[in-house]
Amino acid sequence: MRELSGLTALVTGASRGIGVYIARALAREKMQLALAARSAAELNALAAELSGQGVRAQAFVADVAAPESAAELVERVGASWDPSTSWSTTPASSSRRPSTRRRSRTWSA
Ligand SMILES: NC(=O)c1ccc[n+]([C@@H]2O[C@H](COP(=O)([O-])OP(=O)(O)OC[C@H]3O[C@@H](n4cnc5c(N)ncnc54)[C@H](OP(=O)(O)O)[C@@H]3O)[C@@H](O)[C@H]2O)c1
């Protein structure tokens with residue numbers, strides 16, 4: 001498995017369900033985590049939990065159902081985080097998945 005420590009993951013659907021478990025798993029790999037969903041309170045709680053473990057984690061409230069919203073999320077994350085790091089997305093909902101996927105130069109999932 002590639003070294004993930006220090007790379008950045010944009011985890012959509014991070015307010016509950018699978019996204020939370022993915023975020024926690026990536027935190028154990030010492031990745032930096034941009035956590036996205038619509039529910040601010042849940043995202044902030046997870047960001048606090050992971051930050052308490054020494055992982056850089058930040059909440060990004062966004063509705064990724066619309067392509068322009070997903071693109072805006074990518075821009076916001078890119079503006080806040082080192083764009084030279086690598087990131088990817090996970091599924092958010094069964095009916096309308098996020099359309100944004102940014103290819104990493106060094107790692108993608
Ligand atoms: N659970 C399973 O056993 C299973 C198995 C295979 C595949 N999957 C797939 O994996 C995905 C996640 O499953 P889950 O069980 O974790 O679902 P879930 O508990 O319903 O969680 C969905 C996540 O997506 C976010 N989300 C939904 N619509 C969004 C939108 N428009 N913009 C931004 N965020 C949005 C929700 O946050 P907010 O509501 O806060 O925005 C939540 O964090 C789904 O696509 C599901 O079909 C699930």
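Here the label points at Ala66 and Glu29, each 7 Å from Cα along the C-beta direction, are separated by 3.3 nm in the simple model. If R0 is taken as 22 Å, the Cβ-Cβ distance between Tyr21 and Ser80 corresponds to a FRET efficiency of 0.40. With contacts taken as Cα pairs under 8 Å and at least 6 residues apart, region 8-80 reaches a relative contact order of 27 percent. Once the Cα-Cα distance is subtracted from the 0.36 nm per residue extended length, the Ala40 to Glu3 segment shows a gain of 10.3 nm. Legend: ranking of residues Val20, Val11, Val64 from fewest to most surrounding C-beta atoms inside 10 Å; resulting order Val20, Val64, Val11.
Bear in mind that the values in this text are calculations on the coordinates, not laboratory data. Fair warning: this is a prediction, and the values are worked out from it, not measured in the lab. Because the Cβ atoms are built from the backbone with ideal geometry, glycine has one as well, and the counts that use them run over all protein chains shown.
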